[in-house]
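Worksheet for the structure shown next.
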Amino acid sequence: MLQLNVKNETSRLRAVVLGSAVHNGPTPSIDEAYDPKSLEHIKAGTYPIEKDMVAEMDAFNAVFKKYDVTVYRPEMIENYNQIFARDIGFVIDDIFIKSNILPDRERELDAIQYVIDQIDPLKVVRPPEEVHIEGGDVMLWNDHIFIGTYKGSDYKDYITARTNMHGVKFIKELFPDKIVKEFDLVKSKLEARDNALHLDCCFQPVGRNKGIIYKRGFREEADYLYLVNLFGKENLFHIEREEMYNMFSNVFSIDKDVVVSEKNFTRLNNWLRANGFTVEEIPYAEIAKQEGLLRCSTLPLIRD
């Protein structure tokens, strides 16, 4: 049996599900785009091709091997995007929570069923139907659970709004001893530079007390200030609009002092090194064209 344990974003990683770009399928049509960044690249003819994305994910997998992390990959579904494992489930403490995702993506959960079968069934939870929640919006920080949501009355009109307040309430009830704090995120169906698809598109902790943050990703300044007060402004790396668009906050921690980052994130990577981090740089710019990056591609199962 897999003994799940995830309490934060940065403790030493032992086991993870890494998505797959193999048999990713053809470039989607404009009508099939799930987010404004993919739409932008579909229209421009620059949508990523399978060969390039497979190479990027292989580079990520090689870093996991270097650090002796057990890696699970989804079973293959022909002509199907299985890159973003974070969307389909997440672990809090020792509980595996299946996401209520967009209906078109339900098969992605089936593709990791062989992993779920290795977990105590009493530790696997499926939220009720009215609960919308995706792993990119759920961020653990020891006694805190941060959750990205969208509180606008037009929630149902936004395909980019992925976690609702029912989702926040569900997590609060499931983990009554945790401090569950929701963040109202800026959403756009048309402009990727103004769309925080998930919380990890505008914030993520790194190390023991630091974080990467995009102030304008939060609809309410009070939500941004909550994180500033919790982490300390001097411990936060503030990213700009174009850096948010390029997914600077969507790096991935293998340990308190080891961060996997995109090789073109020069300003961020220099800051990380200056603060004592080992930065494992890999190419991931093609996958980024689908409004997801390193954290989005992973589903951590066990951390120390």
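The values are calculated or read from the model by the stated rules, or taken from the named source; none is laboratory data. Predicted model, so just to flag it, every value in this text is computed and none were measured. Methodologically, a virtual Cβ is constructed for each residue, glycine included, from the backbone with ideal geometry; neighbour enumeration extends over all protein chains shown. The area values use the complete protein model at the heavy-atom level, side chains included, leaving out ligands, DNA and RNA. Shrake-Rupley method; radii C 1.70, N 1.55, O 1.52, S 1.80 Å.
Straight Cα distances below 17 angstrom link Lys215 to the lysines Lys181, Lys187, Lys233, with same-chain residues fewer than 8 positions distant left out. Nonpolar atom fraction for the chain, defined as the carbon and sulfur part of the 1.4 Å probe accessible area, stands at 49 percent. Extension gain for the segment Ile30 to Thr70, taken as residue separation times 0.36 nm less the Cα-Cα distance, is 10.7 nm to one decimal.
Here the dipole of segment 13-303 is about 720 debye; that uses its Cα centre as origin and unit charges on the Cβ of Lys and Arg (positive) and Asp and Glu (negative). Rounded to the nearest 5, the antiparallel percentage of DSSP beta bridges internal to segment 13-303 is 55%. In this rough spin-label picture, where each label sits 7 Å from Cα along the Cβ direction, the Ser153-Glu242 distance is 3.8 nm.
Taking every DSSP helix (H) stretch of at least 4 residues in the chain, weighting each as -39,500 (n - 2.57) and dividing the sum by the residue count yields a mean residue ellipticity at 222 nm of -6500 deg cm²/dmol. Pairwise Cα separations in segment 1-116 fall into 5 Å bins from 0 onward with the following percentages, short to long: 2, 10, 18, 21, 20, 14, 9, 4, 1, 0.
For the peptides 279-289, 130-140, the ranking by packing is 130-140, 279-289, with the highest mean count of neighbouring Cβ atoms within 10 Å listed first.
Label positions at Thr46 and Glu173, each projected 7 Å from the Cα along the C-beta direction, are separated by 4.5 nm.
Accessible surface calculations at 1.4 Å, restricted to protein heavy atoms, place the chain at 41 Å² per residue.
According to the Cα gyration tensor, what semi-axes, each the square root of 5 times an eigenvalue, does the equivalent ellipsoid of segment 13-303 have, listed from largest to smallest in whole Å? Please report the intermediate quantities before stating the final value.
Numbers: eigenvalues 113, 103, 92 Å².
Calculated on Cα positions only, the semi-axes equal 24, 23, 22 Å.
Each label point was placed 7 Å from the Cα along the Cα-to-Cβ direction; for Trp271 and Asp94 their separation is 3.7 nm.
How high is the relative contact order of segment 13-303, in percent, with contacts defined as C-alpha pairs under 8 Å that are six or more residues apart? Could the numbers behind the result be given before it?
Values: 553 pairs, mean separation 64.7, N = 291.
Relative CO of segment 13-303 lands at 22 percent.
Which links in Lys37/Lys172; Lys169/Lys256; Lys7/Lys263; Lys66/Lys256; Lys263/Lys289 stretch past 24 Å when you go from one Cα to the other?
From the list (Lys37/Lys172; Lys169/Lys256; Lys7/Lys263; Lys66/Lys256; Lys263/Lys289), the Cα-Cα distance tops 24 Å for Lys37/Lys172; Lys169/Lys256; Lys7/Lys263.
May I ask you to compute the full-extension gain from Glu106 to Glu78, defined as 0.36 nm times their residue separation minus their alpha-carbon distance, rounded to one decimal in nm? Spell out each step's value before the answer.
Details: separation 28, 0.36 × 28 = 10.08 nm, distance 1.44 nm.
So the chain would gain 8.6 nm between Glu106 and Glu78.
Positive contributions from Lys and Arg (+1) and negative ones from Asp and Glu (-1), summed over other residues with Cβ under 11 Å from the Cβ of His41, come out at -1. For segment 58-146, the equivalent ellipsoid derived from the alpha-carbon gyration tensor has semi-axes of 21, 19, 14 Å in decreasing order.
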